[in-house]
Amino acid sequence: MRLSVLFCPFSEATPLSILKRIEYATIATVDEQGRPWNAPVYFACDEHYNIYWGSHKDSQHAQNIRANGQVFLSIYNSTVTPGTGDGVYIQAHCIELSEPADITSAHLAIQNRRSPVPYWKLHQFQGDAPIKLYRVTPERIWLNGDSSINGTYIDTRISGEIR
């Protein structure tokens with residue numbers, strides 16, 4: 001799955017460049033009673049915009065993912081001056097990885113991003129281990145933009161198209 005995005009004419013940021021530059025995402029999930037939950041995670045992505053991270057299998061967001069698989073990610077730099085940062089917003093389906101090849105590939109993506117800081121060892125994700133790896137597959141994606149109404153600044157979203 002390839003992703004193309006309509007770009008804000010005043011920004012050279014692309015979703016992939018933002019995902020490669022920013023290391024943490026906020027993942028929003030909803031439990032079976034409809035209660036929202038947010039969790040920050042360290043992540044890596046591949047060239048197809050799939051996003052990977054590791055979490056304790058009994059964390060609230062992991063339970064919510066197993067229940068319905070629906071997630072929403074916000075990826076942005078919270079350290080820049082308001083109105084100057086780039087952000088990516090992703091509506092997606094998420095799964096807990098169970099196939100050895102998928103686990104190995106996701107672990108490698110995260111390890112390569114964290115290097116030289118060590119990540120969990122590959123065997124710590126296999127079998128009944130307490131830590132699991134997750135993969136997000138985007139369904140919709142947006143970049144942040146800006147505009148104004150009657151001279152008042154407003155945030156906007158620029159929709160991308162998944163191909």
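Read the figures in this text as sums done on the coordinates, not as results from a lab. Just so it is clear, the structure is predicted and the values come from calculations on it, not from any experiment. All Cβ positions, glycine included, derive from the backbone under ideal geometry; neighbour counts span all protein chains shown.
From the phi of every residue in region 66-82, what ³J(HN,Hα) in whole Hz does the Karplus formula 6.51 cos²θ - 1.76 cosθ + 1.60 yield, where θ is phi - 60° and glycine or proline is x? Couplings: 5, 6, 9, x, 8, 9, 9, 10, 10, 10, 7, 8, 7, 9, 8, 4, x Hz.
Farthest towards the positive end of the charge dipole of the chain, among the residues Y134, T152, W37, is the Cα of Y134, using unit charges on the Cβ of Lys, Arg, Asp and Glu.
Charges were assigned to the Cβ only: +1 to each Lys and Arg, -1 to each Asp and Glu. The resulting dipole of the chain about its Cα centre is roughly 200 debye. Residue separation of N77 and R114 scaled by 0.36 nm, minus their Cα-Cα distance, works out to 11.5 nm of gained length. For region 10-113, applying the loop criterion from DSSP together with a ceiling of 16 other beta carbons within 10 Å to the GluC sites (Glu not before Pro) yields E12, E23, E32, E47.
Under 5 Å from the amide H of E139 lie the amide H atoms of Q91, A92, H93, each residue being 5 or more positions distant or on a separate chain, with H modelled from the backbone and absent for Pro and chain starts.
Could you tell me the calculated FRET efficiency between K121 and E23, based on Cβ-Cβ distance and R0 = 25 angstrom, to the nearest 0.05?
0.80
Each of (1) 85, 30, 18; (2) 29, 18, 14; (3) 39, 17, 15 is a candidate for semi-axes √(5λ) of the Cα gyration tensor in Å; the one calculated from this structure is (2).
When only DSSP loop residues count, what trypsin sites (Lys or Arg not before Pro) in region 76-139 have their Cβ near at most 15 other Cβ atoms within 10 Å?
Numbers: sites: R113, R114, K121, K132, R135; in loops: K121.
For trypsin sites (Lys or Arg not before Pro) across region 76-139 that sit outside H, G, I, E and B with at most 15 neighbouring Cβ atoms in 10 Å, the list reads K121.
Here the extension length gained between S105 and Q60 equals 13.7 nm, from 0.36 nm per residue of separation less the Cα-Cα distance.
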